[in-house]
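S.K.: Quick one: this structure, given as structure tokens, is what I'll be asking you about.
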Ligand code: MV4
């Protein structure tokens with residue numbers, strides 16, 4: 001097993017990884033920007049190294065600084081966390097070339113899934129249903145029109161190098177497609193330095209359901225159930241839950257079996273998530289994330305499996321020591337993302353946390369690196385805490401969530417806590433009756 005891991009991230013996820021390391025007897029190195037020197041993950045780490053000024057470009061994305069910090073501290077592995085360099089195949093390759101273990105999937109699998117056209121082609125090859133669309137990239141208007149005719153309008157243009165919704169363009173007919181294609185290509189070029197786009201039939205009101213997977217590269221693959229991540233705005237998730245209130249036992253089993261069988265064929269080694277759109281009883285693969293995800297704790301809550309621990313063990317060359325039949329998925333879990341934002345207009349609200357009291361009690365988990373007196377810096381994304389609730393069933397989980405939100409005190413800055421309160425009280429949400437556009441409609445309602 002590793003003796004010392006460098007955690008190339010910040011905030012709550014850096015602390016989450018530190019906790020797994022501590023419980024495994026592994027020493028930790030925190031790297032941080034000058035804006036993060038007082039963060040709790042830095043204070044708790046065995047060692048810390050400042051890797052640059054506040055802008056992420058100069059610190060958390062600074063490959064030379066991070067590799068130097070690993071060399072200086074004698075770390076034997078690097079955990080990238082999520083965001084930043086976590087899905088950068090070139091960085092993964094460099095980490096390994098410099099003699100450190102990479103706590104993540106192979107650079108080849110990262111690169112494969114990073115190219116959304118190749119990922120979809122691979123998914124089809126592995127027997128996973130995908131959204132009807134162009135089999136390849138569409139380079140010309142003729143090719144786009146031909147593909148759209150085959151799948152039917154409305155169609156969605158997507159960037160091959162994209163993901164997360166950037167550079168998507170919707171077209172309802174040929175005229176709109178002629179306008180959208182050059183715009184989509186230009187946006188893709190500007191955002192990803194790659195103008196490759198592909199086309200899919202547009203699904204109007206799907207749910208976003210993803211499967212948590214772990215493979216050990218030696219034939220061992222497990223799933224930890226699905227997560228319903230449909231409650232989002234501007235591609236920022238606000239609340240996730242597991243199991244999805246939309247699935248029947250039969251449809252869930254179908255989804256999980258497809259995902260596990262595909263991952264086995266892929267020979268995937270690490271934690272990963274397959275994302276699907278779900279509409280009218282059908283699943284359609286859209287992307288695979290080759291990293292740990294923000295919302296991983298809800299899967300841990302219903303399975304009892306420590307995902308980060310398994311990820312570290314597998315990176316150290318150990319096989320999975322659990323099989324699917326060892327895992328009993330039980331109960332219900334919900335994660336609320338607490339952001340330092342105005343709950344009405346979502347403008348960032350950095351600043352000093354003058355009062356802080358986190359909820360507690362049975363079934364409550366708070367993943368956060370903030371504390372009373374901590375100043376939320378303005379340079380990074382606004383997630384400051386994840387409130388994770390477990391209940392024996394969805395009803396108990398919702399009652400407990402409501403009571404935990406009542407207890408939670410964060411003063412001095414604005415947060416999304418009041419929005420979560422409103423959401424939990426909403427009859428539509430309580431019925432579990434929502435889709436990826438539901439939150440936009442909820443927010444647009446008069447109050
Ligand atoms: C779609 C779609 C509808 N039809 N694909 C957005 C992010 C990217 N990962 C995939 N996305 C979508 N792809 C087809 N064919 C709607 C979305 C989408 C979405 C997906 C998941 C979660 C939130 C979303 C919000 C808007 C659009």
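S.K.: What FRET efficiency do you get for residue 437 and residue 146 if R0 is 25 Å and r is their Cβ-Cβ distance, rounded to the nearest 0.05?
M.R.: Approximately 0.30, to the nearest 0.05.
S.K.: Quick check: residue separation of residue 345 and residue 93 times 0.36 nm, minus the Cα distance between them. What number comes out in nm?
M.R.: So the extension gain works out to 86.7 nm.
S.K.: Run the simple label-point estimate for residue 139 and residue 422 please: 7 Å along Cα→C-beta, distance reported in nm.
M.R.: 4.9 nm
S.K.: Sticking with this structure for a sec: So, in Å, what gap is there between the alpha-carbon centers of region 140-200 and region 49-88?
M.R.: When both Cα centres are located, 35 Å separates them.
S.K.: Let me ask another. Report the FRET efficiency, 1/(1 + (r/R0)^6), for residue 22 and residue 183, where r is their Cβ-Cβ distance and R0 is 60 Å, rounded to 0.05.
M.R.: Computed FRET efficiency for residue 22 and residue 183 comes out at 0.75.
S.K.: Could the peptides 6-18, 330-342, 350-362 be put in order, highest first, of the mean number of other beta-carbon atoms found within 10 Å of their residues?
M.R.: Result, highest mean Cβ count within 10 Å first: 6-18, 330-342, 350-362.
S.K.: I want to check the label-to-label distance for residue 402 and residue 34. Put each point 7 Å from Cα in the C-beta direction and report it in nm to one decimal.
M.R.: Distance between label points: 4.9 nm.
S.K.: Using 0.36 nm per residue of separation minus the Cα-Cα distance, give me the extension gain between residue 71 and residue 430 in nm, one decimal.
M.R.: Between residue 71 and residue 430, full extension yields 124.2 nm more.
S.K.: Still on this structure, please answer the following. Going by C-beta contacts inside 10 Å, put 194, 367 in order with the fewest on the left.
M.R.: Result, fewest neighbours first: 194, 367.
S.K.: Once you order the gyration tensor axes a ≥ b ≥ c over the Cα atoms, which shape class does the chain get: rounded for a/c under 1.5, otherwise prolate or oblate by comparing a/b with b/c?
M.R.: Judged from the Cα gyration tensor, the chain comes out rounded (a/c under 1.5).
S.K.: A follow-up question, please. Can you compute the helix-only [θ] at 222 nm over the chain? Use -39500 (n - 2.57) per DSSP H run of at least 4 residues, normalise by all residues, nearest 500 deg cm²/dmol.
M.R.: -10500 deg cm²/dmol
S.K.: I would also like to ask the following. Take 136, 97 and order them by how many other Cβ atoms sit within 10 Å, fewest up front.
M.R.: 97, 136
S.K.: Label points 7 Å out from Cα along the Cβ direction at residue 176 and residue 118: separation in nm?
M.R.: It is 3.2 nm.
S.K.: Can you sort 24, 113, 1 by how many other beta carbons sit within 10 Å, fewest first?
M.R.: 1, 24, 113
S.K.: So if each residue of separation counts as 0.36 nm, and I subtract the Cα-Cα distance between residue 352 and residue 265, what length gain in nm does that give?
M.R.: Answer, rounded to one decimal: 26.4 nm.
S.K.: Let me ask something else. Grab the beta carbon distance between residue 381 and residue 190, set R0 = 25 Å, and tell me the FRET efficiency rounded to 0.05.
M.R.: 0.75
Bear in mind that the values in this text are calculations on the coordinates, not laboratory data. Computed from a predicted structure; not experimentally measured. Glycine gets a Cβ as well: all are built from the backbone with ideal geometry, and neighbour counts include every protein chain shown.
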